[in-house]
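Taking it in order: structure first as C-alpha cells, then the write-up.
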Amino acid sequence: MSAGGRGDQFGGLIASISTLVFFGVIAFAVVRSPGWDEVKQQFFDGEQFRTTFPAILDAFGTTVKIFLIAEALVLVLGLLIALIRMTRTPVLFPIRFSAIVYTDVMRGIPMLLLVYLLGFGVPGLGIDGVPTSPIFWGITALVLAYSAYVAEVFRAGIESIHPSQESAARAIGLTRLQALRFVVLPQAIRRVIPPLLNDFISLQKDSALIGTLGVVEALRQAQIETSASFNYTPYIVAALLFLALTIPLTRLTDWLVSRERRRQGGGRR
Amino acid sequence: MSASSPLVTVHQVHKAFGDNQVLAGLSLNLAQHEVVCLIGPSGSGKSTLLRCIDMLEPINQGRITVDGVDITSPGCDENAVRRGIGMVFQGYNLFPHLSVVGNITLAPVRVRGDNRAQARERALELLARFDLADKADAFPDQLSGGQQQRVAIIRALAMDPKLLLLDEITSALDPELVGEVLNLLRDLANDGMTMLVATHEMSFAREVATRVCFLDGGVIVEEGHPTRVLDTPTAPRTRQFLDRVINPMGTSQQR
C-alpha cells in the first residue's frame with residue numbers, strides 16, 4: 001500500500017468496481033424477486049425495528065453477562081484440565097484418564113443437548129441444595145463444553161514450547177512449577193490467544209442456546225417480540241447485536257494471527 | 001568442605017537412553033577452580049554427562065556428588081542442587097518473552113527471593129562487566145548469537161554458582177562470534193570459576209583448560225594436561241579423533 005504506484009491504484013479501482021457490480025447484481029435479483037415485498041415487510045420492518053430494539057438490547061445485556069461469566073470460568077477450567085492432561089506421574093493416572101474422557105465426551109455432545117440435559121435434567125432431580133436456576137445450569141453447560149475445547153488449545157500451546165526452555169529454567173534453579181508459571185505458560189498463552197478468541201466467538205453465539213431454558217437473553221426476547229407481532233424483524237435486531245460484538249472480535253483474531261505469522265517469519269530462529 | 005576434597009565426583013556412572021548406552025561406567029573428579037574440557041566425537045556422552053551432573057537426566061547406575069552432596073541418592077533435593085550449579089546450553093535457551101534483565105533476574109528473584117531492584121542492579125553490573133550494558137532492556141531476538149550466549153552465561157552467573165557446566169556453547173555460533181564468548185570464559189577462568197566444558201574448540205582447551213578429557217563410547221579414554229593430550233595423545237582413538245578435527249578432509253599424511 002505504501003509503495004502504491006499506478007498499478008496498485010488501478011488494482012484498487014478494479015476491486016471497487018467489481019465489488020459494486022457483484023453486490024449490485026445480488027441486490028437487484030433479491031429486490032426484483034416475486035416475494036420481496038412480503039419478505040421485506042416480514043424481516044425488515046423499520047417500525048418494528050424501532051419499537052423492539054430497546055427490549056432486545058436490554059436482553060442482550062443478559063447475553064453479554066452470560067458469556068463474560070462463562071469465558072472467565074472456561075479460561076480457568078480449561079487451563080486446569082490441560083495441566084492435568086500433561087502430568088506424567090504414574091500415581092496421577094486416574095485423574096489424567098478422567099481428564100481425557102472429559103475432553104472427549106464434552107467435545108462430542110451437541111451443545112444443545114448438553115444445555116437440555118443440565119438445564120432441565122438436573123433441577124428435575126429435585127435434590128435439596130442443588131440450584132434450579134436455568135441461567136446457572138445454562139452457563140454450567142457452556143463452561144463444561146467449552147473448557148474441553150479450550151483445554152486442547154492450551155495443551156497444544158504448552159506442547160509447542162520447546163523442552164529446552166524448561167531445561168533452561170530448571171537449570172537456573174526454578175522448580176517445575178515455577179518453570180511452568182514463569183517460562184512455559186507466558187509463552188504458550190501468547191501463542192494460543194488467536195485460537196482462544198476463535199472459541200470465544202463461537203461461545204458467544206452458543207450463549208443464545210440458553211434461551212431454550214427460558215432465560216430471556218437476546219434471541220429469546222426476539223422470539224417473544226416475534227410471536228406478539230408475527231413479524232420477524234426482531235430476529236434481525238438480535239442478529240445485528242450479535243454481529244456488532246463478534247465481527248470486531250473476529251477481525252482482532254485475524255489481525256493477531258497475521259501478526260504472529262509475521263513475527264515468526266521475520267525473527268531469528 | 002575441606003579445600004582438598006573435590007567439588008564434583010563422578011563414580012562409575014551408567015546412563016542409557018533405551019538400548020543406547022551413552023555413559024558406560026564413567027568416572028571423573030573435579031577440584032575447585034579447575035577448568036576441565038571434555039572433548040570427543042558427537043554421541044560420546046559429553047552433553048549427557050553434563051546433564052546428569054545438573055540432574056536434568058536421571059542416571060541408571062553409579063554415584064555423583066556435588067559439593068559433598070550425593071545427588072544420586074533418592075532423597076536429594078534437586079532444586080537445591082541446581083541452585084549451586086550454572087548450566088549454559090548450545091542453543092542459548094534464553095526466554096524470548098523476557099528482556100535481557102528479565103532473563104538474568106528471574107532466578108535470583110523467584111528462587112533466591114532477592115529484592116527486584118537489587119537483582120536488577122546486580123544484573124546491570126554483570127552486563128557492564130561483560131560489555132553488554134546497552135542491551136539490558138533488549139529482547140533476545142534483537143541480539144546476535146554471540147550476545148545471546150553471553151547473556152545466557154550471565155544468567156547462570158547471577159545465581160553465584162559454585163560450578164559452571166557449559167555444553168558446546170559455541171557450536172551454534174557463526175565463526176566470527178565464537179571469540180567474544182570464549183574470551184568471557186577465559187575471564188571467568190582467571191577469576192577462579194570452576195568449569196566443566198564440553199567443547200570442540202581445541203585452541204580454547206589448550207589455552208584455558210587445566211585438564212582435557214577425551215571421551216569416547218561413554219567413558220574417559222584419556223585425560224591429562226591440555227598440551228600433553230592434544231599434542232602427544234597416547235590412545236589410538238584420541239589420535240584418530242584429533243587427526244580428524246585438525247585435518248577434517250584427510251588430505252595430509254596419516255600421523
Problem - Point-charge dipole on Cβ atoms (K/R +1, D/E -1) for chain B, about Cα centre, debye to 20 - result: 320 debye
Practice task
For the stretch A:180-219, state which residues have at least 40 Å² less accessible area in the presence of all protein chains than in their chain by itself, taking the probe as 1.4 Å and leaving out ligands, DNA and RNA.
Solution key: A:Phe182, A:Gln187
Exercise for the section: Once you've got the GNM for chain A with C-alpha springs shorter than 10 Å, pick whichever of A:Lys205, A:Lys40, A:Lys65 has the biggest mean-square fluctuation. Expected result: A:Lys40
Completion exercise
In a Gaussian network model of chain A with springs linking alpha carbons closer than 10 Å, the residue among A:Arg176, A:Arg190, A:Arg85 that fluctuates most is A:Arg176
Problem - the stretch B:160-214-the stretch B:65-144 distance, computed between alpha-carbon centres (Å) - result: 18 Å
Exercise for the section: Between beta-carbons, use under 11 Å as the cut-off and find the net charge around B:Glu78, counting Lys and Arg +1, Asp and Glu -1. Expected result: +2
Problem - Counted charge near B:Phe95, where neighbours are those whose Cβ lies closer than 13 Å (Asp, Glu -1; Lys, Arg +1) - result: +3
Exercise for the section: Specify which residue in the list B:Val35, A:Ala99, B:Thr232 is farthest towards the positive end of the charge dipole of the protein assembly as shown, using unit charges on the beta carbon of Lys, Arg (+1) and Asp, Glu (-1), about the Cα centre. Expected result: B:Thr232
Exercise for the section: Positive end of the charge dipole of the protein assembly as shown (Lys, Arg +1 and Asp, Glu -1 on Cβ, about the Cα centre): tell me which of B:Thr72, A:Leu57, A:Leu80 has its Cα farthest that way. Expected result: B:Thr72
Practice task
List the relative contact order of chain B as a percent without decimals, with contacts defined as Cα pairs under 8 Å and 6+ residues apart.
Solution key: 25 percent
Completion exercise
Expressed as a percent, the accessible surface of the protein assembly as shown that is carbon or sulfur, using a 1.4 Å probe and the full set of protein chains, is 59 percent
Completion exercise
Rounded to 0.05, the calculated FRET efficiency for the beta carbons of A:Ser98 and B:Asn20 at R₀ = 30 Å is 0.25
Completion exercise
Relative contact order as a percentage, the stretch A:161-262, C-alpha pairs under 8 Å and 6+ apart, gives 25 percent
Practice task
Just check chain A against the gyration tensor rule for me: Cα atoms, a ≥ b ≥ c as the square roots of the eigenvalues, rounded for a/c under 1.5, and otherwise prolate or oblate depending on whether a/b exceeds b/c.
Solution key: oblate
Practice task
Give the shape of the protein assembly as shown as rounded, prolate or oblate, defined through the alpha-carbon gyration tensor: a ≥ b ≥ c are the square roots of its eigenvalues, a/c under 1.5 means rounded, and otherwise the shape is prolate if a/b is larger than b/c and oblate if not.
Solution key: prolate
Completion exercise
In square angstrom to the nearest 100, the accessible surface buried at the B/A interface, both sides summed with a 1.4 Å probe, amounts to 1900 Å²
Fill in the blank from the handout: Rounded to whole angstrom, the alpha-carbon centroid of the stretch B:31-64 lies from that of the stretch A:152-177 at a distance of 23 Å
Problem - Estimated FRET transfer efficiency (B:Asp187, A:Leu112; beta-carbon r; R0 56 Å; 0.05) - result: 0.25
Fill in the blank from the handout: Averaged over the residues of B:75-85, the number of partner chain Cβ atoms within 10 Å of each residue's own Cβ comes to 2
Exercise for the section: Between A:Trp255, A:Trp36, A:Trp137, find the one with the highest GNM mean-square fluctuation for chain A; connect C-alpha pairs within less than 10 Å. Expected result: A:Trp36
Problem - Dipole magnitude of the stretch B:48-193 about its Cα centre (Cβ charges: Lys, Arg +1; Asp, Glu -1), debye to nearest 20 - result: 400 debye
Problem - Solvent-accessible area lost in complex, 10 Å² minimum, residues of the stretch A:132-179 relative to chain alone, 1.4 Å - result: A:Ser164, A:Gln165, A:Ser167, A:Ala168, A:Arg170, A:Ala171, A:Ile172, A:Gly173, A:Leu174, A:Thr175, A:Gln178
Practice task
Could you do me a favour and compute the accessible area per residue for chain B, 1.4 Å probe, result in Å²?
Solution key: 44 Å²
Problem - Prolate/oblate/rounded label for the stretch B:24-68 (Cα gyration tensor, a/c 1.5) - result: oblate
Problem - Per residue solvent-accessible surface (Å²) - chain A, probe of 1.4 Å - result: 58 Å²
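The values are calculated or read from the model by the stated rules, or taken from the named source; none is laboratory data. No experiment lies behind these values; they were computed from the predicted model shown. Cβ coordinates were reconstructed from backbone atoms using ideal geometry, including for glycine residues, and neighbour counts include every protein chain displayed. Side chains included, ligands, DNA and RNA excluded: accessible areas come from the protein's heavy atoms. Shrake-Rupley method; radii C 1.70, N 1.55, O 1.52, S 1.80 Å.
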